[in-house]
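Written below as structure tokens is the structure these notes are about.
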Amino acid sequence: MNQEKNIEEYINSVREIISRKDSPILACVHSYGCQLNFSDGEKLKGMLAKMGFGLTDKPEDAGLVIFNTCAVRENAEDRVFGNLGFLKHYKEKNPEMIIGLCGCMTGLDHVVEKINNSYKFVDIVFGTSALDKFPKLLFDKLSGKKHAFDTNEYNMPVEGLEQKRDSTFKASVPIMFGCNNFCTYCIVPYVRGRERSRKPENIIQEVKELVASGYKEIMLLGQNVNSYGKDLPDGINFPELLERINAIDGDFIIRFMSSHPKDAGKELIDTIIRCEKIGKHFHLPVQSGSNDILEKMNRRYTVERYMETIKYARSIIPDFSFTTDIIVGFPNESEEDFEKTLELMKRVGYDNIYSFIYSKRSGTKAAEINDLISDEEKSQRMTRLLALQREISTENYKRFIGRKMRVLVDGKGKREGWLTGKSSEFIIVEFEGDESLTGSFADVEIIGAKNWAVTGKLIEKKEK
């Protein structure tokens, strides 16, 4: 309680300082990377709004700029440093500009050292578990401190931080933080720490408040959501949490990401299928169709074990929707390994894939491997993989023709007079309709299929 009180005290102190300025100060928060980062960015915006800042998406117009960073790929790190270089020019024109850096990059020692040595114009630096320290750091800077840094590790973020959400009908809710898996290509356990689950009562309360406020989609977030609860004393697991959220009154859809196949058992599949509010879709990252590569990745499952989950879901719902992540060109991936990935794609019949050419990440085990596969070959493999997925998606989406799909409408489509949204199966649906439907559920009869979406006709609700 004292910690929360201190946060409010610092927020009030900053607001008092800001109120004495001759004109309003705009703040820009730019988040990179995953949805967890964007959720953190919304919390930062919420605190800034309470402190009296206006918000802008344009750093050149801002008196305070926060880069909320991602560390998954080195090119993302390079991009942040490049953008910091641009901010230096803005700060030269406006010496009172405050520049802050937070997020996963600040969990890397070499990044903090580089900031100290080469980017001394950066004023505030704090880690992923120190969001609640931001008001104090900002107060310290505004009170005359040259640099305000806090890169210490804290067990859990403080509950109840106000968020300024980017959407009025779709909300992300982190349920856990960190990761215990140590996949050899991934830096996340090193920058976000070990798995820590939020208390279920805090999650339930947050979802209840969101639903009461009119939110229609609740996206549960974590580096590995289906390992939720393993560190909690009451023994609750992820399927049980889903059951409790499903029991909340209201008309909304539950989604979640990201999952790890080693923790995806029959209980979770049964829960997804049984609970009417959970989207009938499972994003299950496989990464590779080769057991040899999976072992080198330290994924801790085999293709055969992965297929057991797929087959079980399809034994209940034959065309259950799966999507996945695939890494192309993991160090020394052979042609045979890659062919096994293509074969797995055919066997599963994914509705969509998110594919990435392997990117070396310093500090991970995979970065130590002497990779003999050329960039050109990796690019060619990616082209082949995407071509196959286009064929699979085009054929898969035909199964929806003639069906009625319930769609959460996101807004205007690419064509004039058309809307776009996603079905329970996480399929993009396009149809003609009025923009006033944005943020609501609509029933759509599917009449066509593409390789990335289906098209349909709005089913008008009849007046009683």
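The values are calculated or read from the model by the stated rules, or taken from the named source; none is laboratory data. Everything numeric here is computed off the predicted structure, so don't read it as measured data. For neighbour counting, all protein chains shown are included, and Cβ atoms are generated from backbone atoms with ideal geometry for every residue, glycine included. Heads up: the accessible areas ignore ligands, DNA and RNA and are worked out on the full protein's heavy atoms, side chains in. Shrake-Rupley method; radii C 1.70, N 1.55, O 1.52, S 1.80 Å.
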Any chance PHE330 is of a type in the set (Phe, Trp, Tyr) and open to solvent by 10 Å² or more (accessible area, probe 1.4 Å): no
Which numbered condition ARG403 misses (of (1) closer than 20 Å to THR168 by Cβ; (2) touching a strand residue (DSSP E or B) at 6+ places or on another chain (Cβ under 9 Å); (3) open to solvent by 20 Å² or more (accessible area, probe 1.4 Å)): (1)
Elements of type helices (runs of 4 or more DSSP H) contained in region 186-296, each with 3 or more residues being under 24 Å from ASN352 (Cβ atoms) and out of contact with any Cys (no Cβ under 7 Å at 6 or more places or on another chain): 266-274
Number of the condition not met by ASN298 [criteria: (1) at negative phi; (2) open to solvent by 40 Å² or more (accessible area, probe 1.4 Å)]: (1)
Region 9-29, subset part of a strand (DSSP E or B) and in contact with a Ser or Thr (Cβ under 9 Å, 6 or more places away or on another chain), residue surrounded by the fewest Cβ atoms within 10 Å (Cβ to Cβ): LEU26
Region 350-375 residues that are under 20 Å from ALA387 (Cβ atoms) and without any contact (Cβ under 8 Å) to a residue 12 or more places away in the chain, paired with ones that are part of a helix (DSSP H, G or I) and among the β-branched types (Val, Ile, Thr) (beta carbon under 6 Å, 6 or more apart): none
Subset of region 168-198 [farther than 23 Å from THR364 by Cβ, over 14 Å from the mean Cα position of the chain (by Cα) and touching a residue at least 40 places away in the same chain (Cβ under 8 Å)]: THR168, PHE169, ARG198
Residues being surrounded by fewer than 21 Cβ atoms within 10 Å (Cβ to Cβ) and closer than 20 Å to ILE25 by Cβ - total across region 60-83: 3
Candidates ILE218, ILE269, ILE248, filtered to the one that is closer than 19 Å to TYR350 by Cβ and in contact with a helix residue (DSSP H, G or I) (Cβ under 6 Å, 6 or more places away or on another chain): ILE269
The lone exception for THR106 - which of (1) surrounded by 22 or more Cβ atoms within 10 Å (Cβ to Cβ); (2) in contact with a Phe, Trp or Tyr (Cβ under 8 Å, 6 or more places away or on another chain); (3) closer than 23 Å to ASP61 by Cα it fails: (3)
Residue match in region 302-317 (condition: under 23 Å from GLY222 (Cβ atoms) and in a loop (DSSP other than H, G, I, E, B)): no
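Before we move on, is SER227 farther than 24 Å from ALA171 by Cβ, open to solvent by less than 20 Å² (accessible area, probe 1.4 Å) and small (Gly, Ala, Ser)?
No.
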Pick from region 233-261, criterion open to solvent by 40 Å² or more (accessible area, probe 1.4 Å) and modelled with pLDDT under 95, ranking: nearest to SER213 (Cα to Cα): MET257
Close pairs from region 315-336: first under 25 Å from ARG73 (Cβ atoms), partner assigned to a loop (DSSP other than H, G, I, E, B) and among the basic types (Lys, Arg), Cβ under 9 Å, at least 6 apart: PRO331/LYS360
